[in-house]
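Engineer: Quick one: the structure is below, and I'll ask about it shortly.
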Amino acid sequence: MREEQLLLSRCESCATVIWYPRPFCPRCGGRDVMRFPASGEATVYTYTVVRKARGEYRDRTPYVVAYVELAEGPRVLTNIIDCDPAEVHIGQPVTLTFDTPSDGPGLYRFRPST
């Protein structure tokens with residue numbers, strides 16, 4: 001079984017938590033960047049409900065596309081799953097989960113915290 005975790009980067013020079021992963025700090029330009037696992041806790045920053053889609057996503061509507069703000073600070077684009085899209089709201093606490101297809105890498109998603 002593979003270990004699933006969302007890895008973030010932190011600049012050792014200025015302590016900025018970096019998303020998306022890159023080998024340098026966008027704030028200070030430092031190259032002393034360390035990777036660490038995210039806590040998995042976040043809140044919904046903003047979202048939209050997709051009701052019409054094309055291709056392979058056509059049968060998956062409605063679904064929620066959101067920016068969530070991680071407890072560590074960065075905002076990431078993701079989906080909110082395992083809930084009624086009408087119940088998603090800004091400021092809602094959510095928890096990291098992985099959608100793992102049998103033939104590929106896991107995709108990070110978030111579900112409402114219990």
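Engineer: Taking amide H positions as placed 1.01 Å from N in the peptide plane, with prolines and chain starts having none, which residues 5 or more places from ASN79, or on another chain, fall under 5 Å of its amide H?
Structural biologist: Placed amide hydrogens put ALA66, PHE110 under 5 Å from ASN79.
Engineer: If you find the alpha carbon centre of segment 57-85 and of segment 1-53, how far apart are they in angstrom?
Structural biologist: 16
Engineer: Springs between alpha-carbon atoms under 10 Å, Gaussian network over the chain: tell me which of ILE90, ILE81, ILE18 tops the mean-square fluctuations.
Structural biologist: With Cα springs under 10 Å in the chain, the top fluctuation among ILE90, ILE81, ILE18 is at ILE90.
Engineer: How big is the charge dipole of segment 7-112 about its Cα centre, in debye rounded to the nearest 20, if each Lys and Arg gets +1 on its Cβ and each Asp and Glu gets -1 on its Cβ?
Structural biologist: Result for segment 7-112 is approximately 400 debye, rounded to the nearest 20.
Engineer: Separate question: Taking N as the number of residues in the chain, what is its alpha-carbon radius of gyration divided by 2.2 N^0.38 Å? Numbers along the way, then the final one.
Structural biologist: Values: Rg = 15.7 Å, N = 114, 2.2 N^0.38 = 13.3 Å.
Cα Rg divided by the expected 2.2 N^0.38 Å: 1.18.
The numbers here are math on the coordinates, done by the rules we state, and not lab data. Predicted model only: the values in this text are computed from it and were never measured. We place every Cβ from the backbone using ideal geometry, glycine too, and count neighbours over all the protein chains shown.
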